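Only the coordinates and a few stated rules stand behind these numbers; no lab work does. Since this is a predicted model, take the numbers as computed values, not measurements. Positions of Cβ are generated from backbone atoms using ideal geometry, with glycine treated the same way; all protein chains shown enter the neighbour counts.
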Amino acid sequence: MNLEALTREASQAALEAGEIIRSHQNRDVDVVHKEGGDTYASQVVTEVDRKAQDAILQVLGPTCEELDLAVLTEESEDDHGRLEKDFFWCIDPMDGTLPFIRREPGYSVSIGLVAKDGSPRIGVVYDPVHDVLWQATKGEGILRNGEPWTLDASSEELTFTYDRSFADHLERDRVLQELEDYAHSIGLKKLVATQFGGAVINACHALENGPGCHFKFAKPQEGGGSLWDYAATACLFEEAGAVVSDVHGQPLDLNRSDSTFMNHRGAVYATDENLAQRIREILTHSP
């Protein structure tokens, strides 16, 4: 299977979906509710999400037929083909629907190719607001807008991107203090904590502004993001030489058999292993 060719197909699909999203970003759109996790952001969907999904599947459909690939996408029911096929496309046609509805930046198209064992092989993210296309192919590194990109973690600040639910989390103040203490311990000037958008854009912003991190607590309630929120960015981080894991240091369970949610083991994204290890300690050792 030619992963580079498939990356080009996924990139084309992301760009076409992004164009649809961009054409609607200043219009009123119909918003409906769907079954989702325990947050409002996971329960809203727009006509634009569905149009973007249709555009992606139009491009990637032939690859599924030719190569016997399964598909998991946010706006369609999981048919569990991902558990039977060797590879599946993992698609979020518009991550960050809530920022989109509010006409704020922070939404993107996310397309990953994942092996049956849950390992990411391709990651494509398109930010239609800033016109930035990220492409990662296993073993081939990263392209940003068509140019080779390498991780730069030389900032004097520690960037932490978080989702909206973190603002009300019981552990919020402790986590922020411990991250700030860590930043100072390694000679950084300060911690910059920001809610930058959906999970995908949050991860990309942390990667672009290293040292940086983004993480989700493990929790018993359904939620914590879904497979399609992490598949593409997991590949980006791996190809950047950064770190992505669950809160216990194990690889993300990107083909979880019993659910599409990721709350069971959380997620940790970090631009280096020392930062990742400190985050895991913070998340798993509550006072």
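Show me the GluC sites (Glu not before Pro) within region 136-214 that DSSP assigns to loop and that have at most 15 other Cβ atoms within 10 Å of their Cβ. Sparse-neighbourhood loop GluC sites (Glu not before Pro): GLU140, GLU156, GLU171. Need the list of lysines near LYS190 for cross-linking: C-alpha distance under 22 angstrom, and skip anything on the same chain fewer than eight residues off. Within the straight-line limit of under 22 Å, LYS190 reaches these lysines: LYS216. Counting only lysines at least 8 places from LYS85 when in the same chain, those with an alpha carbon closer than 22 Å to its own are LYS116, LYS138.
Taking amide H positions as modeled 1.01 Å from N, with prolines and chain starts lacking one, the residues under 5 Å from VAL192 and 5 or more places away or on another chain are LEU158, THR159, PHE160. Does a label point 7 Å from the Cα of LYS190, set along Cα-to-beta-carbon, have any residues of region 130-169 with amide nitrogen under 14 Å, and which are they? Within reach of a label on LYS190: 156-160.
The peptide list 112-119, 187-194, put in order of mean Cβ contacts within 10 Å with the highest first, becomes 112-119, 187-194.
Here the chain is assigned +1 on the Cβ of each Lys and Arg and -1 on the Cβ of each Asp and Glu. Its dipole about the Cα centre then comes out at about 520 debye. Once Rg and the Kirkwood radius are both taken over the C-alpha atoms of region 3-149, their ratio Rg/Rh works out to 0.96. Of the chymotrypsin sites (Phe, Trp or Tyr not before Pro) found in region 227-287, none is in coil by DSSP with at most 11 other Cβ atoms within 10 Å of its Cβ. Counting pairwise Cα distances across region 157-284, what percent come out greater than 24 angstrom? When all Cα pairs of region 157-284 are counted, 18 percent exceed 24 Å. Dipole orientation for the chain: of the candidates HIS184, LEU83, GLY198, HIS184 has the Cα lying most toward the positive pole (charges on Cβ; Lys, Arg +1; Asp, Glu -1). Helix 227-240 versus the longest principal axis of the chain: what angle, 0 to 90°, nearest 10, using Cα atoms? Long axis of 227-240 versus the principal axis of the chain: about 70 degrees. Based on alpha-carbon atoms, the Kirkwood radius and the radius of gyration of region 129-190 give Rg/Rh equal to 1.11.
Principal-axis analysis of the Cα atoms of the chain puts helix 172-185 at an angle of about 70° to the longest axis.
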